[in-house]
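A short worksheet on the structure shown next.
The values are calculated or read from the model by the stated rules, or taken from the named source; none is laboratory data. Given the structure is predicted, the values throughout are model-derived calculations rather than measurements. Every residue, glycine among them, receives a Cβ derived from its backbone with ideal geometry; neighbour counts consider all protein chains shown.
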Amino acid sequence: MASRTVVARAQCGCGCAKLQNRRVWYDKMYARMISGSTAKYNMLLDGRKRQLLAPLLEDSSIRDVLEIGIGSGANLPYYAAARKDIRLTGVDPNAQMLPYLTASCQAAGFPEQQLAFSTGLAEALPLPDESQDVVISTLVLCSVDDQRAALAEVLRVLRPGGSFLFMEHVAAPLGSWPRSLQELVNPLWRRVADGCHVNRETWSIIRSAGFSSLDLTHFAATPSPLFTLIAPHIAGRGVK
Ligand SMILES: C[S@@+](CC[C@H](N)C(=O)[O-])C[C@H]1O[C@@H](n2cnc3c(N)ncnc32)[C@H](O)[C@@H]1O
(Lines give C-alpha, C1' and ligand atoms only; values in the text may rest on other atoms or scores of the structure.)
Protein backbone atom coordinates (compact mmCIF):
# COMPACT_ATOMS: atom_id res chain seq x y z
CA MET A 1 0.00 0.00 0.00
CA ALA A 2 1.64 3.23 -1.09
CA SER A 3 0.04 5.60 1.31
CA ARG A 4 1.04 5.73 4.96
CA THR A 5 -1.43 8.40 6.02
CA VAL A 6 -3.92 5.90 7.41
CA VAL A 7 -1.93 5.00 10.48
CA ALA A 8 -2.39 2.81 13.51
CA ARG A 9 -1.87 5.65 15.94
CA ALA A 10 -2.78 4.13 19.27
CA GLN A 11 -2.92 0.86 21.08
CA CYS A 12 -5.63 0.05 23.55
CA GLY A 13 -4.26 0.46 27.05
CA CYS A 14 -6.71 -1.85 28.75
CA GLY A 15 -4.50 -4.93 28.31
CA CYS A 16 -7.51 -7.09 27.61
CA ALA A 17 -7.17 -10.59 26.28
CA LYS A 18 -9.16 -9.91 23.10
CA LEU A 19 -6.44 -7.58 21.90
CA GLN A 20 -3.44 -9.51 23.16
CA ASN A 21 -4.35 -13.05 22.14
CA ARG A 22 -5.08 -12.45 18.50
CA ARG A 23 -4.07 -14.96 15.85
CA VAL A 24 -2.57 -13.11 12.89
CA TRP A 25 -3.44 -15.80 10.33
CA TYR A 26 -7.06 -15.79 11.47
CA ASP A 27 -7.25 -11.98 11.50
CA LYS A 28 -5.82 -11.90 7.97
CA MET A 29 -8.32 -14.45 6.74
CA TYR A 30 -11.25 -12.71 8.44
CA ALA A 31 -10.21 -9.27 7.16
CA ARG A 32 -10.08 -10.66 3.64
CA MET A 33 -13.49 -12.28 4.03
CA ILE A 34 -15.12 -9.13 5.43
CA SER A 35 -13.56 -7.01 2.73
CA GLY A 36 -14.87 -9.39 0.07
CA SER A 37 -18.43 -9.28 1.34
CA THR A 38 -18.92 -5.55 1.90
CA ALA A 39 -19.84 -4.59 -1.67
CA LYS A 40 -22.66 -7.13 -1.73
CA TYR A 41 -23.94 -6.08 1.68
CA ASN A 42 -23.79 -2.39 0.73
CA MET A 43 -25.74 -3.12 -2.44
CA LEU A 44 -28.38 -5.00 -0.49
CA LEU A 45 -28.79 -2.29 2.13
CA ASP A 46 -27.85 0.79 0.14
CA GLY A 47 -31.09 2.67 0.79
CA ARG A 48 -30.98 1.89 4.51
CA LYS A 49 -27.36 2.98 4.78
CA ARG A 50 -28.05 6.27 3.02
CA GLN A 51 -30.94 6.89 5.38
CA LEU A 52 -28.85 5.94 8.41
CA LEU A 53 -25.98 8.25 7.49
CA ALA A 54 -28.18 11.15 6.35
CA PRO A 55 -27.38 13.19 9.50
CA LEU A 56 -23.82 13.57 8.19
CA LEU A 57 -25.20 15.33 5.13
CA GLU A 58 -27.81 17.34 6.95
CA ASP A 59 -25.72 18.73 9.78
CA SER A 60 -22.61 20.56 8.65
CA SER A 61 -21.56 21.19 12.26
CA ILE A 62 -20.61 17.50 12.55
CA ARG A 63 -16.81 17.24 12.49
CA ASP A 64 -15.57 14.37 14.68
CA VAL A 65 -16.93 10.99 13.70
CA LEU A 66 -15.95 7.66 15.25
CA GLU A 67 -16.72 4.33 13.64
CA ILE A 68 -16.38 1.41 16.03
CA GLY A 69 -15.45 -1.87 14.34
CA ILE A 70 -14.63 -0.02 11.14
CA GLY A 71 -13.30 -3.23 9.57
CA SER A 72 -12.37 -2.90 5.92
CA GLY A 73 -14.14 0.44 5.52
CA ALA A 74 -17.54 -0.60 4.19
CA ASN A 75 -18.99 2.80 5.01
CA LEU A 76 -16.27 4.93 3.44
CA PRO A 77 -18.13 5.38 0.12
CA TYR A 78 -21.05 6.83 2.10
CA TYR A 79 -18.84 9.20 4.08
CA ALA A 80 -17.06 10.30 0.91
CA ALA A 81 -20.38 10.94 -0.82
CA ALA A 82 -21.74 12.88 2.15
CA ARG A 83 -18.81 14.81 3.58
CA LYS A 84 -15.08 14.88 2.92
CA ASP A 85 -14.36 17.30 5.73
CA ILE A 86 -15.16 15.06 8.71
CA ARG A 87 -12.36 13.83 10.97
CA LEU A 88 -12.97 10.10 11.00
CA THR A 89 -11.53 7.75 13.61
CA GLY A 90 -11.85 4.01 13.08
CA VAL A 91 -11.37 1.65 16.02
CA ASP A 92 -11.06 -2.08 15.45
CA PRO A 93 -9.20 -4.88 17.26
CA ASN A 94 -8.16 -6.49 13.98
CA ALA A 95 -5.08 -4.65 12.72
CA GLN A 96 -5.12 -6.80 9.56
CA MET A 97 -8.08 -4.70 8.38
CA LEU A 98 -5.73 -1.77 7.81
CA PRO A 99 -4.62 -2.56 4.21
CA TYR A 100 -8.25 -3.09 3.18
CA LEU A 101 -9.29 0.07 4.99
CA THR A 102 -6.59 2.04 3.20
CA ALA A 103 -7.69 0.59 -0.14
CA SER A 104 -11.34 1.45 0.59
CA CYS A 105 -10.32 4.97 1.49
CA GLN A 106 -8.51 5.39 -1.81
CA ALA A 107 -11.29 3.76 -3.84
CA ALA A 108 -13.94 5.95 -2.23
CA GLY A 109 -11.91 9.11 -2.63
CA PHE A 110 -12.09 9.87 1.08
CA PRO A 111 -9.10 12.05 2.10
CA GLU A 112 -6.67 9.72 3.88
CA GLN A 113 -5.36 12.49 6.12
CA GLN A 114 -8.90 12.73 7.54
CA LEU A 115 -8.88 9.12 8.74
CA ALA A 116 -7.06 7.72 11.75
CA PHE A 117 -7.16 4.04 12.64
CA SER A 118 -6.69 2.81 16.19
CA THR A 119 -6.28 -0.80 17.19
CA GLY A 120 -8.72 -1.07 20.06
CA LEU A 121 -12.02 -2.22 21.41
CA ALA A 122 -15.41 -0.57 21.56
CA GLU A 123 -15.46 -1.52 25.25
CA ALA A 124 -12.35 0.61 25.97
CA LEU A 125 -12.26 3.38 23.40
CA PRO A 126 -8.92 5.15 23.12
CA LEU A 127 -10.60 8.56 22.94
CA PRO A 128 -11.31 11.36 25.43
CA ASP A 129 -14.71 12.01 27.00
CA GLU A 130 -17.16 14.05 24.91
CA SER A 131 -14.80 14.21 21.93
CA GLN A 132 -17.09 12.93 19.14
CA ASP A 133 -20.12 14.39 17.37
CA VAL A 134 -21.26 11.06 15.94
CA VAL A 135 -20.44 7.42 16.63
CA ILE A 136 -21.30 4.81 13.98
CA SER A 137 -21.65 1.07 14.34
CA THR A 138 -22.59 -1.30 11.53
CA LEU A 139 -22.53 -5.04 12.22
CA VAL A 140 -20.33 -4.68 15.28
CA LEU A 141 -22.47 -5.13 18.39
CA CYS A 142 -22.98 -8.75 17.32
CA SER A 143 -19.24 -9.27 17.92
CA VAL A 144 -18.21 -7.21 20.92
CA ASP A 145 -17.64 -9.22 24.11
CA ASP A 146 -19.61 -6.80 26.28
CA GLN A 147 -22.39 -4.82 24.61
CA ARG A 148 -23.24 -2.80 27.73
CA ALA A 149 -19.63 -1.70 28.18
CA ALA A 150 -19.39 -0.78 24.48
CA LEU A 151 -22.52 1.39 24.66
CA ALA A 152 -21.32 3.02 27.88
CA GLU A 153 -18.14 3.93 26.02
CA VAL A 154 -20.14 5.28 23.06
CA LEU A 155 -22.03 7.54 25.47
CA ARG A 156 -18.81 8.58 27.20
CA VAL A 157 -17.08 9.75 24.01
CA LEU A 158 -20.16 11.44 22.50
CA ARG A 159 -20.62 15.15 23.06
CA PRO A 160 -23.93 16.14 24.64
CA GLY A 161 -26.49 16.10 21.81
CA GLY A 162 -24.25 13.81 19.73
CA SER A 163 -25.69 10.84 17.85
CA PHE A 164 -25.08 7.12 17.80
CA LEU A 165 -26.03 5.72 14.37
CA PHE A 166 -26.34 1.96 14.21
CA MET A 167 -27.31 -0.88 11.90
CA GLU A 168 -26.94 -4.37 13.32
CA HIS A 169 -28.11 -7.89 12.59
CA VAL A 170 -30.00 -9.30 15.56
CA ALA A 171 -31.98 -12.22 16.96
CA ALA A 172 -35.19 -13.33 15.29
CA PRO A 173 -38.34 -13.19 17.46
CA LEU A 174 -38.35 -15.64 20.38
CA GLY A 175 -40.26 -18.80 19.53
CA SER A 176 -39.85 -18.41 15.75
CA TRP A 177 -38.11 -21.14 13.71
CA PRO A 178 -35.38 -18.72 12.53
CA ARG A 179 -34.62 -18.03 16.22
CA SER A 180 -34.39 -21.75 16.94
CA LEU A 181 -31.99 -22.07 14.01
CA GLN A 182 -29.95 -19.13 15.31
CA GLU A 183 -29.71 -20.71 18.78
CA LEU A 184 -28.62 -24.01 17.24
CA VAL A 185 -25.98 -22.56 14.97
CA ASN A 186 -24.66 -19.80 17.25
CA PRO A 187 -21.93 -21.77 19.11
CA LEU A 188 -20.29 -22.80 15.83
CA TRP A 189 -20.94 -19.45 14.14
CA ARG A 190 -19.15 -17.60 16.95
CA ARG A 191 -16.07 -19.70 16.44
CA VAL A 192 -15.81 -19.25 12.69
CA ALA A 193 -16.98 -15.62 12.53
CA ASP A 194 -14.65 -13.92 15.02
CA GLY A 195 -17.04 -13.93 17.98
CA CYS A 196 -20.12 -12.81 16.03
CA HIS A 197 -23.44 -13.86 17.63
CA VAL A 198 -26.54 -14.37 15.52
CA ASN A 199 -28.92 -14.51 18.49
CA ARG A 200 -28.41 -11.20 20.29
CA GLU A 201 -31.35 -9.04 21.34
CA THR A 202 -29.22 -5.98 20.79
CA TRP A 203 -32.25 -3.69 20.66
CA SER A 204 -32.97 -4.19 24.35
CA ILE A 205 -29.38 -3.30 25.34
CA ILE A 206 -29.51 -0.16 23.19
CA ARG A 207 -32.88 0.79 24.68
CA SER A 208 -31.51 0.54 28.21
CA ALA A 209 -28.14 2.20 27.48
CA GLY A 210 -29.25 5.68 28.52
CA PHE A 211 -29.73 7.69 25.31
CA SER A 212 -31.91 10.75 25.88
CA SER A 213 -33.90 9.90 22.74
CA LEU A 214 -33.91 6.81 20.58
CA ASP A 215 -35.33 5.99 17.19
CA LEU A 216 -35.03 2.24 16.48
CA THR A 217 -36.54 0.22 13.61
CA HIS A 218 -36.62 -3.53 13.03
CA PHE A 219 -36.38 -4.77 9.44
CA ALA A 220 -35.43 -7.87 7.46
CA ALA A 221 -32.33 -7.43 5.32
CA THR A 222 -33.51 -9.88 2.72
CA PRO A 223 -36.33 -12.33 2.23
CA SER A 224 -33.87 -14.92 0.90
CA PRO A 225 -33.86 -18.11 3.01
CA LEU A 226 -30.09 -18.29 2.50
CA PHE A 227 -29.71 -15.33 4.81
CA THR A 228 -32.18 -16.48 7.48
CA LEU A 229 -29.50 -16.42 10.16
CA ILE A 230 -28.58 -12.79 9.70
CA ALA A 231 -31.72 -11.41 8.07
CA PRO A 232 -33.29 -9.73 11.13
CA HIS A 233 -31.80 -6.25 11.52
CA ILE A 234 -32.23 -3.12 13.54
CA ALA A 235 -31.19 0.40 12.60
CA GLY A 236 -31.57 3.75 14.21
CA ARG A 237 -30.23 6.76 16.04
CA GLY A 238 -29.69 7.33 19.71
CA VAL A 239 -29.05 10.89 20.90
CA LYS A 240 -26.98 11.52 24.02
C1 LIG B 1 -18.84 -8.05 10.60
S2 LIG B 1 -17.49 -6.98 10.76
C3 LIG B 1 -18.23 -5.42 10.29
C4 LIG B 1 -17.23 -4.44 9.78
C5 LIG B 1 -17.82 -3.08 9.34
N6 LIG B 1 -18.35 -2.35 10.46
C7 LIG B 1 -18.87 -3.27 8.27
O8 LIG B 1 -19.97 -2.72 8.40
O9 LIG B 1 -18.56 -3.95 7.28
C10 LIG B 1 -17.31 -6.81 12.52
C11 LIG B 1 -16.17 -5.89 12.89
O12 LIG B 1 -16.19 -5.64 14.29
C13 LIG B 1 -14.87 -5.72 14.76
N14 LIG B 1 -14.92 -6.01 16.22
C15 LIG B 1 -15.02 -7.20 16.84
N16 LIG B 1 -15.00 -7.05 18.18
C17 LIG B 1 -14.90 -5.71 18.39
C18 LIG B 1 -14.82 -4.91 19.57
N19 LIG B 1 -14.87 -5.45 20.79
N20 LIG B 1 -14.69 -3.57 19.42
C21 LIG B 1 -14.64 -3.01 18.19
N22 LIG B 1 -14.72 -3.72 17.04
C23 LIG B 1 -14.85 -5.04 17.14
C24 LIG B 1 -14.24 -6.81 13.92
O25 LIG B 1 -12.84 -6.80 13.96
C26 LIG B 1 -14.81 -6.48 12.57
O27 LIG B 1 -14.04 -5.53 11.90
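Which of the residues belonging to the range 86-97 are in contact with a strand residue (DSSP E or B) (Cβ under 9 Å, 6 or more places away or on another chain) and within 11 Å of the ligand (Cβ to nearest atom)?
Residues satisfying the conditions are 90, 91, 92, 93, 94, 95, 97.
For the range 29-70, what are the residues that are charged (D, E, K, R), within 13 Å of the ligand (Cβ to nearest atom) and either on the phi > 0 side of the Ramachandran plot or not in a helix (DSSP H, G or I) (or both)?
67
Inspect all residues belonging to the range 129-137 and state whether any of them is outside any loop (DSSP other than H, G, I, E, B), near the ligand (Cβ under 8 Å from one of its atoms) and small (Gly, Ala, Ser).
Checked the range 129-137: at least one residue is outside any loop (DSSP other than H, G, I, E, B), near the ligand (Cβ under 8 Å from one of its atoms) and small (Gly, Ala, Ser).
For the range 168-184, does any single residue satisfy the condition of being within 12 Å of the ligand (Cβ to nearest atom) and closer than 24 Å to residue 28 by Cα?
Yes: one or more hits.
Would a scan of the range 104-117 turn up a residue that is within 14 Å of the ligand (Cβ to nearest atom) and surrounded by fewer than 20 Cβ atoms within 10 Å (Cβ to Cβ)?
For the range 104-117, residues within 14 Å of the ligand (Cβ to nearest atom) and surrounded by fewer than 20 Cβ atoms within 10 Å (Cβ to Cβ): present.
For a quick check of your reading of the model, give me the residue pairs whose first member lies in the range 19-40 and is without any contact (Cβ under 8 Å) to a residue 24 or more places away in the chain, whose second is outside any loop (DSSP other than H, G, I, E, B) and within 11 Å of the ligand (Cβ to nearest atom), with beta-carbon atoms closer than 9 Å and at least 6 apart or on different chains.
Every condition considered, the pairs that remain are 29/96.
Cβ contacts < 7 Å: first residue outside any helix (DSSP H, G or I), restricted to the range 141-165; second residue within 12 Å of the ligand (Cβ to nearest atom) and of a type in the set (Asp, Glu), any location; separation 6+ or different chain. Result?
The qualifying pairs are 141/168; 142/168; 143/194; 144/123; 145/123; 146/123.
Does residue 203 fit the bill of being among the hydrophobic types (A, V, I, L, M, F, W, C), more than 16 Å from the ligand (Cβ to nearest atom) and either surrounded by fewer than 21 Cβ atoms within 10 Å (Cβ to Cβ) or within 19 Å of the chain's Cα centre (by Cα) (or both)?
The answer is yes for residue 203.
Anything in the range 126-147 that is over 18 Å from residue 22 (Cβ atoms) and not polar (S, T, N, Q)? List them, or say none.
127, 128, 129, 130, 133, 134, 135, 136, 139, 141, 142
Within the range 160-171, identify whether any single residue is β-branched (Val, Ile, Thr), in contact with a helix residue (DSSP H, G or I) (Cβ under 8 Å, 6 or more places away or on another chain) and closer than 24 Å to residue 54 by Cα, and answer yes or no.
yes
Within the range 204-240, can you find the residues that are modelled with pLDDT under 95 and more than 25 Å from residue 43 (Cα to Cα)?
The answer is none; no residue qualifies.
Only one of these conditions is not met by residue 21: (1) over 26 Å from residue 235 (Cβ atoms); (2) touching a Phe, Trp or Tyr at 6+ places or on another chain (Cβ under 8 Å). Which number is it?
Checking residue 21 against (1) over 26 Å from residue 235 (Cβ atoms); (2) touching a Phe, Trp or Tyr at 6+ places or on another chain (Cβ under 8 Å), the one that fails is (2).
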